[in-house]
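Structure first, commentary second.
The values are calculated or read from the model by the stated rules, or taken from the named source; none is laboratory data. In this text, all values refer to a predicted model and were calculated from it rather than measured experimentally. No Cβ is skipped: glycine too gets one built from the backbone with ideal geometry, and neighbour counts run over all protein chains shown. The protein model used for the area step is the full one, side chains on, heavy atoms only, and it has no ligands, DNA or RNA in it. Shrake-Rupley method; radii C 1.70, N 1.55, O 1.52, S 1.80 Å.
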Amino acid sequence: MIAAIPFPAAFPHRVRTSYRDIFLLACCQALLLTNGAALITMNGLVGYELAGTKALATLGVTAYVLGSAIATMPASLWMARVGRRAGFMAGALINVGGCALAAFAISQRSFVLYCVATATIGIYNAIGLQYRFAAAEVAAPADKARAISLVLAGGIVGGFIGPQSARWAMDIFSTPFLGSFLLLAAYALVALAVQSRVRVPAPTIEERSGGGRRLGAIMRQPTFIVAALAGGLGYGLMNLLMTATPLAMSFCDHPFAAAAFVIEWHVVGMYAPGFVTGTLIRRLGVLNVILVGVVLVIGCIVVALNGNTIAHFVVALTLLGIGWNFMYTGGTTLLTECYRPAEKARTQGANDFIVFTTMGISSLASGAMVSSVGWETMNRAVLPFLAVIAGAVFWLAWRRRARPATAP
């Protein structure tokens, strides 16, 4: 095992942890993932119905991710000026409009308009992923990893509610899935109410200034590189397999209800470990937790290559979710070591841009790959990228043994 190395506090002025705000942020995360899990469950099937070229069936998810990627840096810099709460509430309102537009696009059978709608919804996702950073800002330095993981754990609720909501509202209207998007708009209004109660410290003068080192210098840090690989590449690989799952299951003649069930347990796997991931990071070290995440995703691939029953999909996607949680939470924790207060907004924005760009590439490739080369080949293709993440972790561990970590 790699020796645990304590990480420096990015915000040493924080001395108390607000569990009230961590709970509210976890509720916001639950509503965000209700939206995301429902969209993932529906998207491939909606796209397959609307798209003229079936290989583009997952283009709606790609648009969703690209909308997130384009919005992430502007959203991060804007929140550095106006504060987290205003930014979060704006994201919820944008999502209401995006979901309404998606419902209209489905009613008009317009695939292009549907992709515009999912791109708009992606802005909400970009802003919502800042919940984990807000958690670090309402926590004492010693509680930072635990605060991040607890907020991410809120997504477990969305793992159940999202797919079931999509399934329940699917046939409310004569046009399938139109009612599902209208229900997601209602959930965004609930999120708006919760966000209005969140109290995150206002940006400091130093944070508003935007000073500090150039972004290139920050991104060249070994710690940033490993954080981006664990969070960004790890997210992209998970997204590649997750996005293809409903289509792969339909090709295996499994019903939509089974796909919704699998996505439920995948999202539970993604977020349930949040109750313990922070504690594991403190006890085992962040690099060890990332490595365990890599091993779990390898386990997912082994299961996926050994059968295509519903049980195989459930076990594989659950392992995929847990592995993602360890890599993503570990990457986020590492990232907080990389910046000074004045550099926070653009460093977080750059990291999330990497995450969403990788997700965009993987979601675009997902539909084409599962339609052309098949589910098993997709899984095999993930293995070399997992080796890159593991290699980067060992490289950083070697550097830290040779030269102890210092504050950014």
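See the values below:
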item	result
Meets criteria (open to solvent by less than 50 Å² (accessible area, probe 1.4 Å), under 13 Å from CYS115 (Cβ atoms) and part of a helix (DSSP H, G or I)) for GLY87	no
Unmet criterion (only one of (1) open to solvent by 20 Å² or more (accessible area, probe 1.4 Å); (2) of a type in the set (A, V, I, L, M, F, W, C); (3) more than 21 Å from GLY128 (Cα to Cα)) for ALA140	(1)
Selection within the range 391-408 - at pLDDT 90 or above and either touching a strand residue (DSSP E or B) at 6+ places or on another chain (Cβ under 7 Å) or open to solvent by less than 90 Å² (accessible area, probe 1.4 Å) (or both)	GLY391, ALA392, VAL393, LEU396, ALA397, ARG399
Test set (1) surrounded by fewer than 20 Cβ atoms within 10 Å (Cβ to Cβ); (2) outside any loop (DSSP other than H, G, I, E, B); (3) β-branched (Val, Ile, Thr) - THR175 fails condition number	(2)
The range 180-219 - residue that is in a helix (DSSP H, G or I) and free of Cβ contacts under 8 Å to residues at least 12 places away in the same chain and, of those, most open to solvent (accessible area, probe 1.4 Å)	ILE205
The range 167-225 - residue that is of a type in the set (Asp, Glu) and within 17 Å of GLU137 (Cβ to Cβ) and, of those, modelled with the lowest pLDDT	GLU207
Check on ALA51, surrounded by fewer than 24 Cβ atoms within 10 Å (Cβ to Cβ), over 15 Å from the mean Cα position of the chain (by Cα) and touching a residue at least 60 places away in the same chain (Cβ under 8 Å)	yes
Residues located in the range 92-116, provided they are touching a Gly at 6+ places or on another chain (Cβ under 7 Å) and free of Cβ contacts under 8 Å to residues at least 60 places away in the same chain	CYS115
Verdict on PHE133 being of a type in the set (Phe, Trp, Tyr), assigned to a helix (DSSP H, G or I) and open to solvent by 30 Å² or more (accessible area, probe 1.4 Å)	no
Filter pass, ALA304 being in contact (Cβ under 8 Å) with a residue 60 or more places away in the chain, over 21 Å from GLY236 (Cβ atoms) and open to solvent by less than 10 Å² (accessible area, probe 1.4 Å)	no
Only listed residue being in contact (Cβ under 8 Å) with a residue 12 or more places away in the chain, open to solvent by less than 10 Å² (accessible area, probe 1.4 Å) and under 24 Å from GLY158 (Cα atoms), chosen from GLY349, GLY285, GLY321	GLY321
Of residues in the range 153-165 being modelled with pLDDT of 85 or more and open to solvent by less than 50 Å² (accessible area, probe 1.4 Å), the one farthest from ARG84 (Cα to Cα)	SER165
Those helices (runs of 4 or more DSSP H) lying entirely in the range 220-332 with at least 3 residues more than 20 Å from ILE40 (Cβ to Cβ)	222-228, 274-284, 286-304
